[in-house]
1. Applying 1/(1 + (r/R0)^6) with R0 = 30 Å to the Cβ-Cβ distance of residue 177 and residue 74, what FRET efficiency is obtained, to the nearest 0.05?
2. Between residue 140 and residue 101, what is the FRET efficiency for a Förster distance of 30 Å, r being their Cβ-Cβ separation, to the nearest 0.05?
3. So, in Å, what gap is there between the alpha-carbon centers of the range 33-81 and the range 104-148?
4. Kirkwood Rh, Cα Rg: Rg to Rh for the range 35-106?
5. Compute the relative contact order of the range 54-170 as a whole-number percentage, counting only Cα pairs closer than 8 Å that sit 6 or more residues apart in sequence.
6. Under 15 Å from a label point 7 Å along Cα→Cβ of residue 32: give me every residue in the range 105-126 with its amide N that close.
7. Give me the tail of P(r) for the range 49-166 as a percent: Cα-Cα pairs with distance above 21 Å.
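Coordinate-derived values only; no laboratory data. Predicted model only: the values in this text are computed from it and were never measured. Positions of Cβ are generated from backbone atoms using ideal geometry, with glycine treated the same way; all protein chains shown enter the neighbour counts.
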């Protein structure tokens, strides 16, 4: 019973949408593409954005950014609080008790395809949280015909068969490992409640979808889910 309650709580949290600017970042690991602000109290010349420094800081693809007096900083993987602490330690060499704050102004996104038995199949951008339930939630959930024991994740650089996920193990047993993280270009495919052949049914469909995206036929607007 306790496991079932835990699973329901986790599922509820996964679908909870937090307005932009209010997202909790205490445990968020910074990543390439994130836009951050750094404020050094009383020193606008070392604050971004600030008068004279109108631009925010974007973490580069290598996970780093450049900051005055500190130089290159590897921010990827650090929480905003850890990054603020690191900058504080470096600036403490030049300033007395510098007060540093770091905030995420815009999260980087991962574009994933959600296809099959969902209510709104398409291409979605996930920010902050980027896992299987987030993707399904962004596609307005599964249909009544979806087989929750046969959800497939096809990687952009897929080698071999796709990853099969049994979401009922998450719902019934609280196995959060089934809520797998997603990466740029992944395809989430929800099958029907019937036998399905991976090679003949799933892979050709996803390849067609990729080809249509590249050619612009299946273009349209990209959907964005804000956590």
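1. Efficiency at R0 = 30 Å is approximately 0.60.
2. Plugging the Cβ-Cβ distance into 1/(1 + (r/R0)^6) gives 0.25.
3. 30 Å
4. When Rh is taken as the Kirkwood radius, the ratio is 0.92.
5. Reported as a whole number, the value is 13 percent.
6. Those under the cut-off are 108-111.
7. 56 percent
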